[in-house]
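The values are calculated or read from the model by the stated rules, or taken from the named source; none is laboratory data. Remember, predicted model here, so these are calculated numbers, not experimental data. So basically every Cβ, Gly included, is an ideal-geometry build from the backbone, and we count neighbours across all protein chains shown. Side chains included, ligands, DNA and RNA excluded: accessible areas come from the protein's heavy atoms. Shrake-Rupley method; radii C 1.70, N 1.55, O 1.52, S 1.80 Å.
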Amino acid sequence: MNVTHQTHDHIVKSYDDELKRLTGELQRMGQLALAQLEAAVDAVMARDSHAASKVVHDDATIDALEHEVSHDVVRLLALRQPMARDLREILAALRIATDIERIGDYAANVAKRSIVLNQSAPVQLVAALPRLARLAQSLVEDVLDAYRNYDTNKALDAWARDEELDEQYTGLFRELLTYMMEDPRNITPCTHLLFMAKNLERIGDHATNIAENVYFLVHGAQITQARRKGDTTSILPLDDPR
């Protein structure tokens, strides 16, 4: 083997190692975000303000990892000048890191709201949050698995299932509005629950963003069909008790 061939092999291996590190950072970010989401909902259900505060504090770890990913992406772009599939790999990683960071932020927001919610009497409809959170968590788990395995079928399945999360959110939104209209004392706690539910619905939206980036990474094209939305809260009249 000549020196030129050896050098080329070394460069390729070094580049592959850097890409593996990048995807590894993303997987770690994703697992942390999922753990944050689960911990936030557990804190809500237990009315545990101390546990909720820990979720808020730990969000900084995900933020730090997102900065690491951004730094690695800039270095790879500058030093390797990637083309075609390699360029898509790096750009997808940057976008996915941003979405995971936002998922962590939304989990922290749920925890922050729960601390304030704990100052009010328990609200019955808080029991609907875990179901919403489980579906959001399932979507995130699936799109991260799709990214790890370049599985566009799994990514597309999760992308389509976000409609179910939207529909669940809309149903809870309507229930909370009804609860608020029946007794003004419910307005403050139910408002916090509305924001918490919206945060969970937005996590689903970021999961679909990741699914779209997985599809782009593998195929070099955007998903062509329009995604159906099940969130109708923006067109629901406030006096509609359904």
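Summary of computed values
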quantity	calculated
GNM flexibility winner over the chain from Val41, Val73, Val110 (Cα, springs under 10 Å)	Val73
Carbon plus sulfur fraction of accessible area for the stretch 83-158, probe 1.4 Å, in percent	49
Distance in nm between pseudo-label sites at His67 and Leu79 (7 Å out along the Cβ direction from Cα)	2.0
Listed residues Ile187, Ile96, Ile62, most fluctuating in the chain (Gaussian network, C-alpha, under 10 Å)	Ile187
Average accessible area per residue (Å²) across the chain - probe 1.4 Å, nucleic acids and ligands excluded	50
Quotient of C-alpha Rg and 2.2 N^0.38 Å, computed over the stretch 87-128	1.82
Mean-position separation - Cα centroids, the stretch 197-227 and the stretch 131-182, in angstrom	12
Mean projected area (nm²) of the alpha-carbon convex hull when the stretch 10-52 is viewed from all directions	3.0
Most mobile of Val143, Val74, Val214 in a GNM of the chain (Cα contacts under 10 Å)	Val74
Note, ³J(HN,Hα) from phi for the stretch 23-28, Karplus 6.51, -1.76, 1.60, rounded to Hz, x at Gly and Pro	5, x, 4, 5, 5, 5
Cα-based Kirkwood hydrodynamic radius, the stretch 76-151, one decimal, Å	15.4
Scattering curve values for the stretch 9-102, log₁₀ I(q)/I(0), Debye with Cα scatterers, q = 0.11, 0.19 Å⁻¹	-0.40, -0.84
Kirkwood-Stokes translational diffusion coefficient of the chain, alpha-carbon pairs, 37 °C, 0.692 mPa s, µm²/s	170
Mean residue ellipticity (222 nm) of the chain, computed from DSSP H runs ≥ 4 via -39,500 (n - 2.57), nearest 500	-29500 deg cm²/dmol
Cα-based convex hull, the stretch 94-214, per residue volume (Å³, whole number)	79
3J(HN,Hα) from dihedral phi, the stretch 176-188, Karplus parametrisation 6.51/-1.76/1.60, rounded to Hz, x for glycine, proline	5, 4, 4, 4, 5, 6, 6, 8, x, 5, 7, 4, 5
